[in-house]
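Please treat every number below as a calculation from the coordinates, not as lab data. All figures in this text were calculated on a predicted structure; none of them were measured in a lab. Here the Cβ is made from the backbone with ideal geometry for all residues, glycine too, and neighbour counts use every protein chain on show.
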Amino acid sequence: WHDKLLGGFRRTSDRLVGNLAGLGGARLDDATLDEVEEALIASDLGPETAGRVRQRLSEGTFERDMEELGIRLVVAEEVEKVLAQVARPIGIDAFPRPQVVLVIGVNGSGKTTTIAKLAHLFMEQDYQVMLAAGDTFRAAAIGQLKTWAERIGVPIVTGPEGGDAAGIVWDAVKQATAIGTDVLIVDTAGRLQNKRELMDELAKIRRVLGRLNPAAPHDVLLVLDATTGQNALNQIEVFKEVAGVTGLVMTKLDGTARGGVLVAAAERYGLPIHAIGVGETMDDLRPFDAREVSRIIA
Ligand code: GDP
């Protein structure tokens with residue numbers, strides 16, 4: 001998995017170094033500092049981190065070694081500082097059980113796969129897991145989640161295509177409570193095209209959950225596809241508005257992704273980043289490690 005993970009972030013890193021190439025050994029005058037700052041922003045790092053790197057470089061603490069390595073070290077340190085504040089695993093600590101984890105995100109982001117990965121992870125931690133197929137809009141989504149549930153060996157509550165998602169969630173919580181499930185993971189529709197409908201549907205799910213347990217949903221995880229770059233930031237914005245978001249999972253970091261957007265997201269929203277997706281199997285979910293990721297990005 002490690003190689004796969006590296007693959008994703010290394011592209012950001014290569015791009016960074018590509019952008020920084022030619023600066024090695026040069027004096028860091030204002031024009032050069034501007035260039036470095038712009039290169040970092042072009043790598044999706046976000047203006048604040050880029051600005052702090054610029055500031056540190058301008059302070060001349062690296063006088064003797066203003067070459068690529070020195071710059072990268074400063075970038076890595078600043079990136080780690082930002083990411084360390086948001087790296088947080090999902091804890092299962094709700095009482096009474098079940099802990100309800102609502103999973104949201106646009107279609108194609110990797111939501112279904114991430115649910116399967118999370119279910120598998122929690123099972124490995126000896127928790128009892130249940131799934132709820134709350135994306136009733138797409139028949140394929142229900143079928144896909146069912147297949148995953150069978151493969152992983154967890155119960156799933158489903159309904160007919162076009163059925164009432166909130167009703168499924170109600171049934172699922174009832175069943176989960178009855179059999180002592182620790183974690184109930186709820187899939188939801190990802191139709192951003194119709195924001196009003198999506199908002200109404202998620203609000204209804206929240207109302208139903210709240211009636212059964214005022215603390216639910218305990219987690220609202222937004223799944224983001226890292227290959228969409230800056231688009232991921234727009235999705236955070238919209239889903240914060242329609243659903244509230246408590247944490248992020250970034251998928252497809254094994255692909256051609258530019259992981260730098262994680263830094264921009266952390267900087268702008270400060271939302272916890274719980275895990276990253278590094279492939280298509282149920283084992284391809286990794287806890288988010290700020291130090292590791294920062295060394296790879298830079
Ligand atoms: P959904 O529409 O959001 O539920 O997305 P899916 O879970 O169906 O995923 C869409 C596609 O992305 C599928 O082909 C998945 O196998 C793939 N996918 C999901 N997560 C990852 C990941 O971390 N890495 C890679 N390479 N592919 C992923």
Of Gly259, Leu40, Ala50, which is farthest towards the positive pole of the chain's charge dipole, taken about the Cα centre with +1 and -1 on the beta-carbons of Lys, Arg and Asp, Glu respectively? Gly259
Per-residue ellipticity at 222 nm attributable to helices in the chain (runs of n ≥ 4 DSSP H, -39500 (n - 2.57) apiece, nearest 500 deg cm²/dmol) works out to -16500 deg cm²/dmol
Using a Gaussian network model on the chain with a 10 Å cutoff between Cα atoms, which of Gln193, Gln230, Gln128 fluctuates the most? Gln193
For region 153-167, 3J(HN,Hα) per residue [Karplus equation, 6.51 cos²θ - 1.76 cosθ + 1.60, θ = phi - 60°, Hz, x = Gly/Pro]: x, 10, x, 9, 10, 10, x, x, 4, x, x, 7, 4, 5, x
Computed over the chain, Cα set: Rg, Dmax in Å: 20.9, 68
Which of Val129, Val79, Val208 fluctuates most in a GNM of the chain (C-alpha springs under 10 Å)? That residue is Val208
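Please get the size of the charge dipole for the chain, origin at its Cα centre, with Cβ charges of +1 on Lys and Arg and -1 on Asp and Glu, quoted in debye to the nearest 20.
In total the dipole reaches around 860 debye.
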Counting Lys +1, Arg +1, Asp -1, Glu -1, what net charge surrounds Ile92 among other residues with beta carbon under 11 Å of its beta carbon? -3
What's the exposure ranking of Leu45, Leu212, Leu221, going from fewest to most Cβ atoms within 10 Å? Leu212, Leu221, Leu45
